[in-house]
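The values are calculated or read from the model by the stated rules, or taken from the named source; none is laboratory data. Because the structure is a prediction, the values reported are computed rather than measured. Positions of Cβ are generated from backbone atoms using ideal geometry, with glycine treated the same way; all protein chains shown enter the neighbour counts. Surface areas here come from the heavy atoms of the whole protein model, side chains and all, with no ligands, DNA or RNA. Shrake-Rupley method; radii C 1.70, N 1.55, O 1.52, S 1.80 Å.
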Amino acid sequence: GQQLNQSPQSMFIQEGEDVSMNCTSSSIFNTWLWYKQDPGEGPVLLIALYKAGELTSNGRLTAQFGITRKDSFLNISASIPSDVGIYFCAGRPSSASKIIFGSGTRLSIRP
Amino acid sequence: DVKVTQSSRYLVKRTGEKVFLECVQDMDHENMFWYRQDPGLGLRLIYFSYDVKMKEKGDIPEGYSVSREKKERFSLILESASTNQTSMYLCASSLLLGPRGGPGGEQYFGPGTRLTVT
């Protein structure tokens, strides 16, 4: 079946650093979504992207829908301790109606 | 704000018990979903529903059933709980149509139910 490759699997960075993570697929997607999950909670939608090349920000977070429609990127600027958690990408392939989730990027921050 | 609520945050049940997990959303969303989340396996879709009384199997429906009698409520049923069903269960909902008329994509999740079967 279709899969999303999300990388990196985990990151351990210094507070104040910028963070980048990405998701790639072998097929074309119509929708890209980015979620954050805190421990013991459900994922919370951060950013939704619907058009190739689209760049959308939510505070210090910026996500882009890749122009090939096979990838998406999430950047976090000037990380702070509350950014800790697991970030998931999700997407809807053009050939299907189901949303597929990536395996997540676990972000840890050194104060 | 979209709100998805789940009946319990934590649940402990014995093997063989019948378990009901309930989910309610207040945004008049057509689609509702049940996932389980396990370390190293990510989010796996159990069942989903795109209308009242309609249901579709997801990727791992075995051992589960669902019920959608009202648009806002979607229940997950474990007919006879087993230890391998110990997991975090997440409910989500979404609109049928997306911002430009295509299939809705933005799923909104509840806080999750951590189920332990002993």
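What to note about this one:
- Accessible carbon and sulfur surface of chain A relative to its total accessible area, %, 1.4 Å: 50
- Taken about its Cα centre, chain A carries a charge dipole of roughly 400 debye when the Cβ of each Lys and Arg holds +1 and the Cβ of each Asp and Glu holds -1.
- Here the label points at B:Val12 and A:Ile67, each 7 Å from Cα along the C-beta direction, are separated by 5.7 nm in the simple model.
- Net charge contributed by nearby residues that have their C-beta within less than 13 Å of B:Glu22 (K/R +1, D/E -1): +2
- Positive-pole candidate from A:Ser108, A:Ile13, A:Val44, dipole of chain A, charges at beta carbon: A:Val44
- Under the combined filter of DSSP loop state and at most 15 neighbouring Cβ atoms within 10 Å, segment A:1-85 retains these GluC sites (Glu not before Pro): A:Glu15, A:Glu17.
- Radius 15 Å from Cβ of A:Ile13, net charge of other residues (Lys, Arg +1; Asp, Glu -1): -1
- Number of Lys-Lys pairs in chain B with C-alpha atoms under 26 Å apart and a separation of 8 or more places or on different chains: 18.
- Applying the Karplus relation 6.51 cos²θ - 1.76 cosθ + 1.60 with θ = phi - 60° to segment B:32-43 yields 3J(HN,Hα) values of 9, 9, 10, 10, 10, 10, 10, x, x, 10, x, 8 Hz, where x marks Gly and Pro.
- Interface burial for B against A (accessible surface, 1.4 Å probe, total of both chains, Å², rounded to 100): 1600
- A:Arg106-B:Asp51 pseudo-label distance in nm [points 7 Å out on the Cα-to-Cβ vector]: 4.3
- Alpha-carbon spread of segment B:9-118, three principal axes, descending order, Å: 46, 31, 23
- When only the Cβ of Lys, Arg, Asp and Glu is charged (+1, +1, -1, -1), the dipole of segment B:1-72 relative to its Cα centre reaches about 340 debye.
- Per residue accessible area of the protein assembly as shown, 1.4 Å probe, in Å²: 48
- Gain upon complete extension [B:Phe20, B:Asp38; 0.36 nm per residue less C-alpha separation]: 4.6 nm
- Rounded to whole Hz, the Karplus (6.51, -1.76, 1.60) HN-Hα couplings of segment A:7-18, x for glycine and proline: 9, x, 6, 8, 9, 10, 10, 8, 4, x, 6, 8
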